[in-house]
Amino acid sequence: MTEAAVPITPAPMEGHGVYNRSSQVQAAGSSPALSLLEQAATQAALARAPEPITIADYGSSQGHNSLAPMRVAIAALRRRAGSSRAISVVHTDLPDNDFAVLFRMLAEDPESYQRGEPMVFASAIGRSFYEQLLPEASVALGWSSWATHWLSRVPAEIPDHIQSAFSQDRAAREAYARQAAEDWQSFLACRGREIRPGGRLVLLNMALDDAGGFGYGPIVQAIYDGLLALVEEGFVASEEVRRMAIPTVGRSLEQLRAPFKEGGQFAGLVIEHLQFFLGEDRIWAEYERSRDAQAFAVRWVAFSRASVFPTLAAELSGGQSDPRAGEFMDRLEAEIVARLAASPVPMEMPLARMLLVKQGG
Ligand SMILES: C[S@@+](CC[C@H](N)C(=O)[O-])C[C@H]1O[C@@H](n2cnc3c(N)ncnc32)[C@H](O)[C@@H]1O
């Protein structure tokens, strides 16, 4: 793909700190990857002092969920390189991401990794991670959580759903599978250039379970049914809903390994660790304690509203500035809450954690 042709999708997460306040599901899902990140930070080849050690955070959103991983990485690097060594933390996301919230949070949050760390320097890049973002061989440690399952574009309309994994339309499913394979290679190729020899990259992604299941069935179905209800109420047109899609994919372990098939490496990267696991459904656990179906539904809707509603709203006929966008999100939220609260069920969350090493260190 040429530089100019990289399309900018999806829409960023809901701004003004909404994602930061509504992404506990993602934070909990990432926690099993923190030990891998610590291992990576302990083993990664580092630039020679006084050159800073660069950590890249790919798909940071508004940054709150990056605090814990960056603290883990910085602590491990400090043990190796001392307290005065300069560490550069580069958060990357799409150009329209709310970076202002990220920088305010870094300055004000008591959990900020910058607290007591005058030699940690944070910056941001607003550009798709399907392009090279940083200079050749400059990154010692890369981290990306809940981001690389977002495709670079919507590859096809999904006539019977908003998530290709639940569609019966073969052409749509194949188009998504092709795009997922292409994007995975693009992402790895770019990181292969940026990561320094001996550097490490840790990824936490949505995955497919052994049976090819995407998970999240009840919430995804509630979103689609909620959209159809909004059509019936005449609030949105069926044309608009037909264009709506959540351009995310779960990848099987086999699909994650596919680019590495020949000779075990791709773009100079080799897999040191790859593991499937099911994310812990803390919302269900809380529901089992409280039996509060409304609270259960509200928490799951917060997960999807902050992350996928902006992408759906962008397909209203007026685009991102459609005057119905705010009301659309509120009404869709209410539709989904009603559906989930009516029959709470546990949610399956298939995830994969991965540690890649750049050869040559
Ligand atoms: C669900 S959020 C994850 C945020 C955070 N890493 C976490 O673990 O909660 C996914 C992020 O990936 C970003 N993203 C999606 N596609 C991207 C792309 N092509 N380039 C850069 N960022 C992208 C989105 O804008 C969003 O901020």
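Observations on the model:
- Sequentially through segment 238-250, phi angles give Karplus couplings (6.51, -1.76, 1.60; θ = phi - 60°) of 4, 4, 5, 5, 4, 6, 6, 7, 9, x, 10, 9, x Hz, Gly and Pro residues having no value and appearing as x.
- Among ALA341, PRO323, LEU355 the positive-end extreme of the charge dipole of segment 310-361 (Cβ point charges): LEU355
- The chain: angle of helix 293-313 to the longest principal axis, Cα-based, in degrees nearest 10: 80 degrees
- Size descriptors for the chain, from the alpha-carbon set: Rg then Dmax equal 20.2, 63 Å.
- Annotation: amide H-H contacts under 5 Å for ALA124 (H modelled 1.01 Å from N, sequence separation of 5 or more, or interchain): HIS91.
- Which of GLN163, CYS190, TRP284, positive extreme of dipole for the chain (C-beta unit charges): CYS190
- With all protein chains modelled, accessible area of ILE271 [1.4 Å, Å²]: 50 Å²
- Convex hull (Cα only) mean projected area of segment 8-97, reported in nm² to one decimal: 6.7 nm²
- Unit charges on C-beta of K, R, D, E only; dipole of the chain, Debye: 1460 debye
- Accessible-area composition of segment 1-126, carbon plus sulfur, in percent [1.4 Å probe]: 55 percent
- Degrees between helix 34-43 axis and first principal axis of the chain (Cα, 0 to 90, nearest 10): 20 degrees
- Simple rule: put +1 on each Lys or Arg Cβ and -1 on each Asp or Glu Cβ in the chain, find the dipole, and look at SER238, LEU77, PHE266; the Cα lying farthest toward the positive end is LEU77.
- Of the trypsin sites (Lys or Arg not before Pro) found in segment 288-361, those that fall in a DSSP loop while having at most 16 other beta-carbon atoms within 10 Å are ARG291, ARG324.
- Percent carbon-and-sulfur accessible area, segment 197-339, ignoring ligands, DNA and RNA, probe 1.4 Å: 50 percent
The values are calculated or read from the model by the stated rules, or taken from the named source; none is laboratory data. This is a predicted model, so every value here is computed, not measured. Cβ coordinates were reconstructed from backbone atoms using ideal geometry, including for glycine residues, and neighbour counts include every protein chain displayed. Each accessible area value is taken on the protein alone, full model and side chains, heavy atoms only, with ligands, DNA and RNA left out. Shrake-Rupley method; radii C 1.70, N 1.55, O 1.52, S 1.80 Å.
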